[in-house]
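Below is one structure, written out as structure tokens; comments come after it.
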Amino acid sequence: MALRFGLIGLGKHGMQAVSPAFFDPACTGGALVAVCDVNPAATAAFARPVEAKYNDHRRMLAEAGLDAVYIAAGMDHHYRLATDALRAGKHVIVEKPMAATLDECREMTDLAQASGLTLAVNFETRYSEQNEILRRWIREGRFGEIDALHFTNMWDGHKSFGPIQQRRARLMELAGALDCGIHKLDQARFLVGGVWADVFARGAWMGEDFTPPTHIGIVGQLDNGVLVTLNASLSWAAHIDPRPMVNTMEIAGTEGVAICRSSRDFRNMTMELFSRTLCETHELRPTGHTSDIVLVVNEFAEVVAHGRTADTILASGEDGYWAQYATEQANGQAIRGRIRREP
Ligand SMILES: NC(=O)c1ccc[n+]([C@@H]2O[C@H](COP(=O)([O-])OP(=O)(O)OC[C@H]3O[C@@H](n4cnc5c(N)ncnc54)[C@H](O)[C@@H]3O)[C@@H](O)[C@H]2O)c1
């Protein structure tokens with residue numbers, strides 16, 4: 001039976017990506033029965049059929065008869081909203097980044113565990129066809145021992161001018177380039193396991209005045225020895241009109257390698273895989289937020305009902321914690337190591 005969900009946060013993502021997922025016929029795991037936003041204009045603008053709308057999440061938790069909440073407010077609100085929901089006995093899906101600090105992430109995971117409730121983080125790109133193919137290659141042993149993963153994730157962060165520059169500024173001040181790059185930090189662990197042993201980073205600010213770097217280079221190592229590099233940027237091409245985005249990944253293994261490249265508009269991806277035993281090329285059409293969130297909600301309902309298995313894709317609170325660990329280490333190092341240019 002579908003879980004009764006309340007959605008907290010009707011901003012761009014809640015309105016355009018998360019709420020439509022619940023009204024997709026393929027979404028059998030959850031039914032959206034209530035929505036909440038502190039901004040009355042946002043709840044008033046919410047036109048889909050729900051039983052009730054709220055401007056105070058505590059009222060929604062007390063009155064709406066929910067099994068679970070989906071939190072799509074900004075990351076600086078995630079901790080309070082998630083801990084209130086867990087204390088009210090609700091299962092939680094929280095958007096990435098899981099919370100503003102590592103301590104908050106730990107408290108959230110501890111509370112969920114102590115309450116016997118499911119806490120998941122929306123790392124929806126785990127469900128991509130790219131990952132499905134890479135995981136098949138890993139299962140079949142075609143890479144041999146994977147020694148290194150290299151990512152580039154540079155796009156224009158909604159532009160530094162135009163209608164959503166305020167929203168861009170909000171998310172940039174919270175996590176900088178890693179607001180989006182965090183998906184890759186999670187993808188590394190999702191593919192090869194382990195936890196972060198070491199994270200080194202330096203940043204660039206591209207003429208902007210945010211605390212975390214808007215453009216960052218990371219060299220990390222997982223405790224299973226795998227080297228991970230990531231170039232992430234939300235200021236890449238953000239100050240000009242063209243949108244030449246870059247999304248690439250390479251896997252280096254002792255017996256095989258993979259080269260993945262998105263087209264400049266992110267609409268297509270070419271994957272080339274080479275090993276001793278097989279070579280393959282795939283042309284993919286990546287799916288959008290909404291269809292991936294349908295998969296997240298459906299698997300979340302399975303996990304609530306039956307627990308996690310070795311095949312579970314859904315990111316746990318622990319996964320959210322480790323993504324935040326790498327983010328916090330990288331942003332902290334980049335900020336401390338910043339060399340300001342002479343004016
Ligand atoms: N998974 C993804 O790929 C992906 C993509 C985009 C955004 N996100 C995440 O989704 C979250 C929301 O992003 P957004 O771009 O929609 O932000 P946004 O700023 O556009 O919207 C946030 C909304 O939350 C509301 N809000 C804030 N505090 C609240 C509270 N206490 N109770 C109820 N509502 C509250 C705000 O009024 C606003 O309407 C962020 O964590 C972001 O990182 C994830």
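The values are calculated or read from the model by the stated rules, or taken from the named source; none is laboratory data. The shown structure was predicted, so the numbers you read here are calculated from the model rather than taken from an experiment. Ideal geometry is used to build each Cβ from the backbone, glycine not excepted, and the neighbour counts take in all protein chains shown. Surface accessibility is based on the protein's heavy atoms, side chains included, excluding ligands, DNA and RNA. Shrake-Rupley method; radii C 1.70, N 1.55, O 1.52, S 1.80 Å.
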Determine the sum of side-chain charges near Asp147: Lys and Arg each +1, Asp and Glu each -1, restricted to other residues whose C-beta is under 12 angstrom from that of Asp147. -3
Express the accessible area of the chain per residue in Å², computed with a 1.4 Å probe while the remaining protein chains stay in the model. 45
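Could you size up the charge dipole of the chain around its Cα centre, putting +1 on the beta carbon of Lys and Arg and -1 on that of Asp and Glu, and report it in debye to the nearest 20?
Once rounded to the nearest 20, the dipole reads 640 debye.
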Using a 1.4 Å probe on heavy atoms of the protein chains only, the accessible area for Tyr79 in Å², nearest 10, reads 60
Rounded to whole Hz and in sequence order, give me ³J(HN,Hα) for segment 263-273 from the Karplus expression 6.51 cos²θ - 1.76 cosθ + 1.60, θ = phi - 60°, writing x for Gly and Pro. 5, 4, 9, 6, 7, 9, 9, 9, 10, 10, 10
Cα-based reach from Lys159 at 25 Å (exclusive), listing lysines while leaving out same-chain residues under 8 positions away: Lys12, Lys96, Lys184
In whole percent, how big is the carbon plus sulfur part of the accessible area of segment 1-114, probe 1.4 Å, protein atoms only? 52
Could you give the angle, 0 to 90 degrees to the nearest 10, between helix 165-175's Cα long axis and the longest principal axis of the Cα atoms of the chain? 70
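What share of the DSSP beta bridges in the chain is antiparallel, in percent to the nearest 5?
Roughly 60 percent of the beta bridges in the chain run antiparallel, per DSSP.
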Report, in degrees rounded to the nearest 10, the 0 to 90 angle that the Cα long axis of helix 102-115 makes with the longest principal axis of the chain. 50
In degrees between 0 and 90, to the nearest 10, how far off the longest principal axis of the chain does helix 289-306 point, with axes built from Cα atoms? 70
